[in-house]
Amino acid sequence: MSLFSAVEMAPRDPILGLNEQFNADPNPKKVNLGVGVYFDDNGKLPLLQCVQAAEKALMDKPSARGYLPIDGIAAYDSAVKALVFGADSAVVQEGRVATVQAIGGTGGLKIGADFLKKLNPQARVLISDPSWENHRALFTNAGFEVGSYRYYDAATRSVNFDGMLADLRAAAPGTIVVLHACCHNPTGYDLTPAQWDQVIAAVQERQLVPFLDMAYQGFGNGIQEDGAVIGKFVATGMNLFVSTSFSKSFSLYGERVGALSVVARDKEEAARVLSQLKIVVRTNYSNPPTHGGAVVAKVLNDPELRAQWEQELGEMRVRIKAMRSKLVDGLKAAGVQQDMSFITDQIGMFSYSGLSKAQMDRLKSEFGVYGTDTGRLCVAALNSKNIDYVCASIAQV
Ligand code: PLP
């Protein structure tokens, strides 16, 4: 008799499962659009120049690897605050933001979830329908009951905004609402500024707790533009949670660099919140790792490297947009009758293509073109070499 006799085999992560299938596929033309990763036009994961330069500078002055403070590198946390809220913003100047370095955006979400669970164990969590697949699991594992608010309307290929508002207005006070700050994953549809105003009013009216997941700042319309919604929330004076990820924007997926920022009412409250966030970190993994945070802090705080990063991030953003246009034109040229121009209305790394599970299965088995069962395609994995093949394959199904 083993302790583990009754342990069930957990289902495979759907995206990682798809990758395994892709790797095993002998089709020489295969294209993996199932991933959530940006590839360059050569189909390679980029190593940004600014990252290389920062790493070189760090190597030139090697330092011993002591423990970091529980909340991470101070210069990193202040750079995150400046990026997310604006360096000159009142909320930062007044010391109202508590920021901790986290293990990726996922880590930021988890620290926030654990803190919220202690704060209000009875609260429910609402995520968008659909959402990044880990939102539900993460908040469920943190002990919450997780429901959803309507978000995507397949029939009109747009945000079901009335449905979303109605669901937020029906939520009990204290409900935690997870919102995608920009580049909604998986649909690619974001709210307009006017719609955000209405969402913020509903959140405020119903006394909900906003938790903004910002995993793609700079991938949509620009660093400032993508972060604008944060300023709108802050302007109301509400308490606010923001998770940040640099996985995509720095192409530093494996370094696990992210953060959690919490907006408090005043400096003293922020200090109390920070002390609690540190307990969450301390009792989970004690303190964050050094390398990724040091690289990002170096880039964000050095004017030259910062300019280089903004340029490289801009190139990634522009390339994705170009691929969206090419996809629309290519599908038309390949004989797709339907108007596919909605693809250029979407934003960020992903496109909800409207393809059914059966069509996605055919794409995979007959053409070696991989996307998720829901029809989500990673536009950031398209390039000038694979786009014609992808368009022709989609036209066939
Ligand atoms: N949140 C969303 C919406 C995401 O799409 C992702 C990554 O795909 C994350 C969070 C997690 O980011 P990280 O890899 O930095 O943990």
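Brief remarks follow.
- When every residue of region 79-101 is checked against the conditions, at least one turns out to be under 25 Å from the mean Cα position of the chain (by Cα) and among the hydroxyl-bearing types (Ser, Thr, Tyr).
- Tally of residues being modelled with pLDDT of 95 or more and either among the β-branched types (Val, Ile, Thr) or under 20 Å from the mean Cα position of the chain (by Cα) (or both) across region 140-160: 11
- When region 373-389 is limited to residues that are closer than 19 Å to Gln338 by Cβ and assigned to a helix (DSSP H, G or I), the one that is farthest from the chain's Cα centre (by Cα) turns out to be Asp388.
- Among residues of region 134-187, those that are in a helix (DSSP H, G or I) and acidic (Asp, Glu), counted: 2
- Among the candidates Ala137, Ala170, residue that is in the same structural domain as Phe233 (by TED's automatic domain parsing), within 19 Å of the chain's Cα centre (by Cα) and surrounded by fewer than 18 Cβ atoms within 10 Å (Cβ to Cβ): Ala137
- Only residues that are more than 23 Å from Ser251 (Cβ to Cβ), under 23 Å from the mean Cα position of the chain (by Cα) and charged (D, E, K, R) were counted in region 1-43, giving 1.
- Residues in region 70-119 that are in contact with a Pro (Cβ under 9 Å, 6 or more places away or on another chain) and part of a loop (DSSP other than H, G, I, E, B): 4 in all.
- The residues in region 132-147 that are out of contact with any Pro (no Cβ under 8 Å at 6 or more places or on another chain) and within 16 Å of the ligand (Cβ to nearest atom) can be counted, and the count is 10.
- Residue within region 234-248 that is in contact with a strand residue (DSSP E or B) (Cβ under 7 Å, 6 or more places away or on another chain) and surrounded by fewer than 18 Cβ atoms within 10 Å (Cβ to Cβ) present: yes
- Qualifying residue in region 55-73 (condition: under 30 Å from Gln311 (Cα atoms) and among the aromatic types (Phe, Trp, Tyr)): no
- Among the residues of this structure, Val262 does not count as one that is buried (at least 21 other Cβ atoms within 10 Å of the Cβ), at negative phi and within 16 Å of the ligand (Cβ to nearest atom).
- Residue that is surrounded by the fewest Cβ atoms within 10 Å (Cβ to Cβ) [pool: residues in region 115-126 that are touching a Leu at 6+ places or on another chain (Cβ under 9 Å) and not aromatic (Phe, Trp, Tyr)]: Ala123
- Ala102 away from the ligand (no atom under 16 Å from the Cβ), in contact with a helix residue (DSSP H, G or I) (Cβ under 8 Å, 6 or more places away or on another chain), in contact (Cβ under 8 Å) with a residue 40 or more places away in the chain and of a type in the set (A, V, I, L, M, F, W, C): no
- Selection status of Pro46, within 23 Å of the chain's Cα centre (by Cα), at negative phi and modelled with pLDDT of 95 or more: yes
- In region 15-72, residue farthest from Trp132 (Cα to Cα) [restricted to those that are among the aromatic types (Phe, Trp, Tyr) and more than 16 Å from the ligand (Cβ to nearest atom)]: Tyr67
- Among the residues of this structure, Lys326 does not count as one that is over 20 Å from the mean Cα position of the chain (by Cα), outside the structural domain of Phe219 (by TED's automatic domain parsing), over 28 Å from His180 (Cβ atoms) and part of a helix (DSSP H, G or I).
- Residues (away from the ligand (no atom under 16 Å from the Cβ), without any contact (Cβ under 8 Å) to a residue 40 or more places away in the chain and under 22 Å from the mean Cα position of the chain (by Cα)) located in region 173-193: Thr192, Pro193
- Residues being assigned to a strand (DSSP E or B) and in contact with a helix residue (DSSP H, G or I) (Cβ under 6 Å, 6 or more places away or on another chain) - total across region 348-372: 3
The values are calculated or read from the model by the stated rules, or taken from the named source; none is laboratory data. What you see is a predicted model, and the numbers here were worked out from it, not measured in a lab. Cβ atoms come from the backbone with ideal geometry, glycine included; neighbour counts cover every protein chain shown.
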